Amino acid sequence: MNPTPSQTVGPYFAVMLPWDRSEELGTELWLRGTLYDGRSEPVADGVLEVWDASSGGFGRCRTTVDGEYAFRFDRPGPIGAQAPHLAVSVFARGLLDRVVTRVYFPDEPGNTTDPVLSAIPDTAVRETLVAREDDDGYRFDIHLQGPHETAFFELV
């Protein structure tokens, strides 16, 4: 019996998901970043979805040819014991399923007691979930693999 050949989502991935603009979850701040693959090369045909559970806001955005994305959003609020954050799903070539992460904000006092961040023992891994302040909002680069890999969550 021969093994089943591996299957990937691309290179046609971007053709099947034709969104070419940033989605707005609000008007207050920008969240910008770059999606990188395992070789630290920009992913030109990725799609990101961002969800603010505190407001129910949702956005979807394709990456540019340089792997960049941008969302306009209003500052999320806390959800119970969880610090303000945005949930992020990433779809890209080579992924059979989306990967899921979160964006936390560096100036939130609730980050120290957030149950999700607190459950990650490695400080360097935990820091991959915290955006950096930028001129008019925040920057959050996402690395799918490699030495700078962003922490992703297993959904069960």
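The values are calculated or read from the model by the stated rules, or taken from the named source; none is laboratory data. Everything quoted here is computed from the prediction, not taken from an experiment. All Cβ positions, even for glycine, are placed from backbone atoms using ideal geometry, and neighbour counts span all protein chains on display. Surface accessibility is based on the protein's heavy atoms, side chains included, excluding ligands, DNA and RNA. Shrake-Rupley method; radii C 1.70, N 1.55, O 1.52, S 1.80 Å.
A few notes on this one:
- Leading residue by the ranking (nearest to Leu95 (Cα to Cα)) among those in segment 128-149 that are in contact (Cβ under 8 Å) with a residue 40 or more places away in the chain, assigned to a strand (DSSP E or B) and among the charged types (D, E, K, R): Arg139
- Filtered by the rule that a residue be aliphatic (A, V, I, L, M) and either farther than 22 Å from Leu35 by Cα or open to solvent by 70 Å² or more (accessible area, probe 1.4 Å) (or both), segment 55-73 gives a lone residue, Val65.
- Scan segment 74-108 for residues that are open to solvent by 60 Å² or more (accessible area, probe 1.4 Å) and at positive phi and the total you get is 1.
- Matching entry among Asp141, Asp135, Asp122, Asp97 (being acidic (Asp, Glu) and within 11 Å of the chain's Cα centre (by Cα)): Asp141
- Any hit, segment 109-124, residues being surrounded by fewer than 18 Cβ atoms within 10 Å (Cβ to Cβ), part of a strand (DSSP E or B) and modelled with pLDDT of 95 or more: no
- Segment 125-156 - residue that is small (Gly, Ala, Ser) and surrounded by 14 or more Cβ atoms within 10 Å (Cβ to Cβ) and, of those, farthest from Gln82 (Cα to Cα): Gly137
- Filtered by the rule that a residue be of a type in the set (Gly, Ala, Ser) and at pLDDT 95 or above, segment 138-156 gives a lone residue, Ala151.
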